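Read through the structure below, which is laid out as structure tokens, and then see the notes.
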Amino acid sequence: MHYEVAPLFCRPWTLNGITPKLIESHYENNYGACVARLNAISHELRALDRSAASPQIVYRLKQEQAETLSSALLHELYFASLGGDGRNIPEAMAAVIARDFGSVDSWRNEFMSMATALDGRSGWVLLAWAPRLRRLINLCVGDACPMAPGCIPVLVLDMYEHAYHLDFGANASAYIAAFMRNIDWNAVEARYLDAAAIKPPRALEQEAFAALPSITVAEVSTLQRTGAPVQIIDVRPQHYSSKATDMMAGAVWRDPERVDEWIGALSKDTPIVTFCVYGFHIGCETTAKLREAGFDARYMAGGHSAWKASRGAVKLFRSDTPPETSDE
Ligand SMILES: [Fe+2]
């Protein structure tokens with residue numbers, strides 16, 4: 001495809017302490033060269049004889065294409081971040097920033113610190129929406145620091161020297177302050193609203209157990225940490241557990257094939273958490289049986305593997321762990 005130069009978003013003559021000459025030079029020379037390079041690389045890729053080209057050449061061109069595309073898009077967002085007075089953050093936007101950073105001042109402090117740390121180096125500082133986390137985060141992006149996958153920048157600061165040298169010389173701090181004075185918060189908020197409307201990556205859905213209550217490993221960890229009463233039952237299958245060396249601290253192992261033999265020892269007054277190896281059928285089926293029998297049971301999503309991946313405490317595996325010693 002052919003990449004078009006995006007028209008300049010901000011009005012250079014309205015900026016406070018940043019000259020039109022700097023913006024023009026940045027837009028025409030640096031951004032323009034970036035788009036031209038992007039098109040040249042893309043043309044080179046289209047013209048490449050894939051049957052004869054070495055994988056190394058394809059890799060190098062694709063890497064350059066990714067770098068120039070990233071630079072072009074970030075430049076467009078940089079120019080689109082300028083043009084406001086930097087002060088009047090819409091109330092709803094300020095509330096989101098305060099929710100995710102503690103306060104607007106905390107966000108500003110972190111954002112400016114990151115920019116200051118790039119003084120003398122090259123990179124971008126971004127305020128971005130992370131759909132996976134459902135929150136805003138500040139990111140540094142550059143050669144040694146790629147964009148976190150899926151994150152959507154809503155505010156972009158260019159910390160390459162060409163972005164400020166013409167007006168500010170080597171005084172990056174003055175440039176950062178000038179950038180903050182010119183942020184167009186209405187445009188930032190509009191981009192945030194667009195970004196926040198994007199759905200996060202889909203979670204695993206187990207249609208067969210959609211109605212079955214589950215609990216996360218983090219929630220189980222909290223129950224254990226706070227000493228909340230809970231009966232945690234490891235129901236990994238016998239053929240798996242016979243080779244297991246560890247199990248969740250605080251859990252007891254019970255054979256899922258023999259629920260009828262141990263169900264009578266459980267208390268109906270205390271919630272139950274069951275888990276299998278990965279959180280699929282065995283844990284869910286055991287939970288369903290316990291709920292049918294009138295117990296307040298939930299299965300732990302992700303099972304024993306998710307517990308270990310989240311660095312949950314484990315102990316040596318014992319198939320005969322008595323309940324009263326399960327909180328070791
Ligand atoms: Fe730039």
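The values are calculated or read from the model by the stated rules, or taken from the named source; none is laboratory data. This one's a predicted model, so the numbers in the text were calculated from it and none came from an experiment. Note: ideal-geometry Cβ built from the backbone for every residue, glycine included; neighbour counts use all protein chains shown.
Here are the numbers for the structure shown:
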| item | result |
| --- | --- |
| Members of the range 146-167 found to be part of a strand (DSSP E or B) and within 16 Å of the ligand (Cβ to nearest atom), listed by number | Pro153, Leu155, Val156, Leu157, Asp158 |
| Hits in the range 42-57 (condition: over 12 Å from Met1 (Cα atoms) and either of a type in the set (Asp, Glu) or touching a residue at least 12 places away in the same chain (Cβ under 8 Å) (or both)) | Leu48, Asp49 |
| Criterion violated by Ile97 - all others in (1) of a type in the set (A, V, I, L, M); (2) away from the ligand (no atom under 16 Å from the Cβ); (3) touching a Pro at 6+ places or on another chain (Cβ under 7 Å) satisfied | (3) |
| Contacts under 7 angstrom Cβ, first residue in the range 67-88 being over 14 Å from Glu4 (Cα atoms) and in the same structural domain as Asn16 (by TED's automatic domain parsing), partner among the polar types (S, T, N, Q) and more than 13 Å from the ligand (Cβ to nearest atom), 6 or more apart | Leu82/Asn182; Gly83/Thr14; Gly83/Asn182; Gly84/Asn182; Gly84/Asn186; Gly86/Asn182 |
| Matching residues, the range 133-168, being under 21 Å from Phe79 (Cα atoms), in contact with a strand residue (DSSP E or B) (Cβ under 8 Å, 6 or more places away or on another chain) and free of Cβ contacts under 8 Å to residues at least 40 places away in the same chain | Ile137, Asn138, Leu139, Cys140, Gly142, Cys151 |
| In the range 182-228, the residues that are closer than 30 Å to Met112 by Cα and assigned to a helix (DSSP H, G or I) | Trp185, Asn186, Ala187, Val188, Glu189, Ala190, Arg191, Tyr192, Leu193, Asp194, Ala195, Ala196 |
| Positions within the range 89-142 being more than 25 Å from Phe168 (Cβ to Cβ), part of a loop (DSSP other than H, G, I, E, B) and hydrophobic (A, V, I, L, M, F, W, C), in sequence order | Leu133 |
| Any hit, the range 117-134, residues being polar (S, T, N, Q), surrounded by fewer than 16 Cβ atoms within 10 Å (Cβ to Cβ), in the same structural domain as Ala190 (by TED's automatic domain parsing) and more than 16 Å from the ligand (Cβ to nearest atom) | no |
